[in-house]
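Novice: Got a structure for you, written out below as structure tokens; questions coming shortly.
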Amino acid sequence: MKILLVCLGNICRSPMAEGVFRQLAEQRGLDWQIDSAGTADYHVGEAPDRRAQRASAEVGIAIENLRGRQVEKSDFTRFDWILALDRANLRALQSLAPAGHSARLGLLLDPFLEGREPEEVADPYWGEMEDFRACRAQIEQAAEKFFARTGRLQKNPS
């Protein structure tokens, strides 16, 4: 399975999501390719926000070596899933997607995953440290459900 997690600048939500997804895949012994990107080019080459690094480190996830990058056209055929952290970035992905792409696009907090109306992972960038922790916790919950759901789909394709 190949998963790309996407937010706007790729320095807060999506690198935290990449770290969470990598940790869960490793814990489950899954050889999944997990990456993150932004729809904008604001922070290409930059490390994640220090608060995102700290919120991740508090639960044993190291993201300081990740670097921001922008979504590329090739991502739409390279990844099985491209999960946006909010609706604005999902719309941006939908407009960037080339015709005939193979990736499944959706929100990380999709009703498929959560069993309720889609929600967005709030951007903690302008907030305080507790906003980064809340964001990480929300991502952790969604990631657990994604792994549980996709695992069932792989075993029972109906």
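Novice: The conditions are (1) over 18 Å from LEU109 (Cα atoms); (2) surrounded by 15 or more Cβ atoms within 10 Å (Cβ to Cβ); (3) in contact (Cβ under 8 Å) with a residue 24 or more places away in the chain, and THR77 fails exactly one of them. Which is it?
Specialist: For THR77, the exception is condition (2).
Novice: Another question about this same structure. Name the single residue that is modelled with the lowest pLDDT among those in region 106-132 being closer than 15 Å to SER14 by Cα and buried (at least 19 other Cβ atoms within 10 Å of the Cβ).
Specialist: Here is the first cut: in region 106-132, the ones closer than 15 Å to SER14 by Cα are 106-109, 120-125, 131-132.
Next, only the ones that are buried (at least 19 other Cβ atoms within 10 Å of the Cβ) stay: 107-109, 121, 124, 132.
Numbers: LEU107: 92, LEU108: 93, LEU109: 87, VAL121: 91, PRO124: 97, PHE132: 98.
My answer is LEU109.
Novice: Additional query: Restricting to region 17-32, name every residue that is of a type in the set (A, V, I, L, M) and not in a helix (DSSP H, G or I).
Specialist: If the condition is that a residue be of a type in the set (A, V, I, L, M) and not in a helix (DSSP H, G or I), then LEU30 is the only one that fits.
Novice: Take ASP41 and decide whether it is exposed (fewer than 14 other Cβ atoms within 10 Å of the Cβ), touching a strand residue (DSSP E or B) at 6+ places or on another chain (Cβ under 7 Å) and not in a helix (DSSP H, G or I).
Specialist: yes
Novice: From LEU96, LEU85, which residue is surrounded by 14 or more Cβ atoms within 10 Å (Cβ to Cβ) and more than 18 Å from CYS135 (Cα to Cα)?
Specialist: On the way: LEU85 fails: more than 18 Å from CYS135 (Cα to Cα).
After ruling out the rest, the residue left standing is LEU96.
Novice: From the set of residues in region 40-74 that are among the polar types (S, T, N, Q) and in contact (Cβ under 8 Å) with a residue 24 or more places away in the chain, which is nearest to ALA99 (Cα to Cα)?
Specialist: Filtering region 40-74 for residues that are among the polar types (S, T, N, Q) and in contact (Cβ under 8 Å) with a residue 24 or more places away in the chain, the one nearest to ALA99 (Cα to Cα) comes out as GLN70.
Novice: So which helices (runs of 4 or more DSSP H) are wholly in region 69-149 and hold at least 1 residues that are small (Gly, Ala, Ser)?
Specialist: Per the criteria, 87-96.
Novice: If you check SER36, SER56, which single one turns out to be closer than 19 Å to ALA143 by Cβ, touching a strand residue (DSSP E or B) at 6+ places or on another chain (Cβ under 8 Å) and at pLDDT 95 or above?
Specialist: SER36
The values are calculated or read from the model by the stated rules, or taken from the named source; none is laboratory data. Remember, it's a predicted structure, so these values are computed and weren't measured experimentally. In this analysis, Cβ positions are derived from the backbone assuming ideal geometry, glycine residues included, and neighbour counts consider all displayed protein chains.
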